[in-house]
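Each reported figure results from applying straightforward, stated rules to the coordinates on display, with no laboratory input. The structure presented is a predicted model; accordingly, all values stated were derived computationally and were not measured. Using ideal geometry, Cβ is built from the backbone for each residue, glycine included, and neighbour counts are taken over all protein chains shown.
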Amino acid sequence: MNKNPENQALDAYILQLIKSEKLESVEQLVKLVQQKFHSSDKEILKRILYLQTAEEIALNEKPDMREKFSPYLISNKAGWYWATVLSAVVTVVLVFKIPENTYPLVYARYFFGSFFVLLLPGYALIRTLYPAKRLDNIERVGLSIGLSIALVCLDAFILNFTPWKITVLSITLTLSCLTVIFATIALLHERQLNARRRSTILYFFGPDGSGKSTLTKTIARELHKQGYKTKLSWMRGSHTLTSLAAKFFSHFGTFRGSANPYYNITIPRKLRGLWQFIEFLSALPIIISKFLFPQLTGYQVLADRYTLDLVVWICLTTRDYNFLKKFEAKVLITLAKKTDARFYVIADLEELERRTEKPWFSKEQLHLYYILAKAVDASIIDTTNKSAETSIQEVLETLNTLNVKN
């Protein structure tokens, strides 16, 4: 990257200015460089960050490479966002203003309503989950339709237990709100990626008793001491809707069992597919609120369990390893791959059972985590007979190797 003659000249001049001038801010440095080089603010900031990463300079002030939100909002990059919001608004207006017996205007209501229900909510959610991944048109449309139908079903199920019940107006309003919320989160995330902000997700996963929590909390404290905004996040399984359903089913003998240790239930074979799908949908709000949203707002997110742990949880609580081949599992594995660094924290079976008060499918956990660690190309941290300090040092050395700066 630094072999380009223009970059070399720019780097040399930056180093010269830092040595010869008493600079008070990065902004002042950028302005001085621009007096000699006709480079944009962003290009100069990239070189400053490069020199800082190469440890040739040390800055007390972190360069802010974020594009201001207002210009980004009216740029071509946000065109999809306004098209999505406008379509949602038009649909709501047509549903409210055009009665069923108003012909031929009612056909416009049918058209926009079908387009809205079958595509928009899923499209906005796909943009949230895959902000940087370029899907081809067939993949994007297929995933959008599938997730839209799932969201409509989930929305209707929840509305049935509310005072508003299931009506055209209640469905339209709630789906419109969800669409705008998902689209806004996706827009913020894409802006962050375009600006190359240095917020990251560091993901630690592995079986119970492996030492994930100790490593995650220690590194979070170290990052906090260095002045970074840190967010320690955790998830596993049976969230939101699944949690309510599990509490309800625990009162019936048909569901009683030990597969789910939180609620002491076991899912019957005929309901496994449906339960897996509900687990997946129930986890999406947790994934967005605890992991993706903090990352796009500039936090260094340290994940003590995340999507792979949910995959293992679903496999074990439903006693169905074929879940690994399903669409929901593939989405969760893809989300894990998008994290900045992945650490498979492991210990031998005897050590795991010694550290855990109530071992839960320890052998099965080891088997599933091994498969998933290979799938996401995770770094392995073996904590067997090692002190916490030694394991932490291994993590830090790996981060340096991967060029993930703390």
Starting from the amide H of THR230, placed 1.01 Å from N in the peptide plane, find each other amide H under 5 Å away whose residue is 5 or more places distant or on another chain. GLN300
Going residue by residue through region 71-88, the Karplus relation 6.51 cos²θ - 1.76 cosθ + 1.60 with θ = phi - 60° gives ³J(HN,Hα) values, rounded to whole Hz and with x marking Gly or Pro, of x, 5, 5, 9, 8, 4, 4, 9, x, 4, 5, 5, 5, 5, 5, 4, 4, 5
Name the residue, out of LEU147, LEU169, LEU15, whose mean-square fluctuation peaks in a Gaussian network model built on the chain with Cα pairs under 10 Å. LEU15
So what is log10(I(q)/I(0)) for region 199-401 at q = 0.10, 0.15, 0.18 1/Å, when the Debye sum runs over its Cα atoms only? -0.42, -0.94, -1.29
What ³J(HN,Hα) values, in whole Hz, does the Karplus curve 6.51 cos²θ - 1.76 cosθ + 1.60 give for region 99-105 when θ = phi - 60°, with x put for Gly and Pro? x, 5, 9, 9, 9, x, 4
I need the peptides 181-191, 28-38 ranked by packing, meaning the mean over residues of other C-beta atoms within 10 angstrom, with the highest value on top. 181-191, 28-38
Highest to lowest packing among 327-338, 296-307, scored as the average C-beta count within 10 Å: 296-307, 327-338
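Please rank TRP313, TRP360, fewest neighbouring Cβ atoms within 10 Å first, as an exposure proxy.
TRP360, TRP313
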For labels at THR218 and THR356 in the simple 7 Å Cα→Cβ model, what's the distance in nm? 2.1 nm
Quick one: in the chain, what % of C-alpha pairs are over 42 Å apart? 25 percent
Student exercise, the chain dipole from Lys, Arg, Asp, Glu Cβ charges, in Debye to nearest 20: 740 debye
What's the exposure ranking of ILE265, ILE18, going from fewest to most Cβ atoms within 10 Å? ILE18, ILE265
With a sphere of radius 13 Å drawn around the Cβ of SER213, what net charge do the other residues whose Cβ falls strictly inside it have (Lys, Arg +1; Asp, Glu -1)? +3
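Using 28 Å as the Cα-Cα cut-off, could you pick out the over-long pairs in LYS229/LYS338; LYS217/LYS338; LYS270/LYS325; LYS42/LYS330; LYS247/LYS338; LYS217/LYS325?
Going by Cα-Cα distance, LYS42/LYS330; LYS247/LYS338; LYS217/LYS325 fall outside the 28 Å limit.
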Can you compute 3J(HN,Hα) from phi for each residue in region 301-312, using the Karplus curve 6.51 cos²θ - 1.76 cosθ + 1.60 with θ = phi - 60°, rounded to whole Hz and x for Gly and Pro? 8, 10, 9, 9, 5, 7, 5, 5, 5, 5, 4, 4
Most fluctuating of ARG354, ARG236, ARG342 in the GNM of the chain (C-alpha, under 10 Å) is ARG354
Kirkwood hydrodynamic radius, region 93-245, all distinct C-alpha pairs: what's the number in Å? 19.0 Å
Nearest 0.05, what FRET efficiency do PHE161 and TYR262 give at R0 = 25 Å with Cβ-Cβ as r? 0.70
Options ALA220, THR128, ILE158, ranked by Cα towards positive dipole end of the chain, top entry (Cβ charges): ILE158
Per-residue Cβ contact counts at 10 Å, fewest first, order VAL376, VAL90, VAL168 as VAL168, VAL90, VAL376
Sorting SER233, ASN76, THR356 by the position of each Cα along the dipole of the chain (Lys, Arg +1; Asp, Glu -1; all at Cβ), the one nearest the positive end of that ordering is ASN76
Remind me, what semi-axes does region 5-53 give for its equivalent ellipsoid, largest first in whole Å, using sqrt of 5 times each Cα gyration tensor eigenvalue? 14, 12, 11
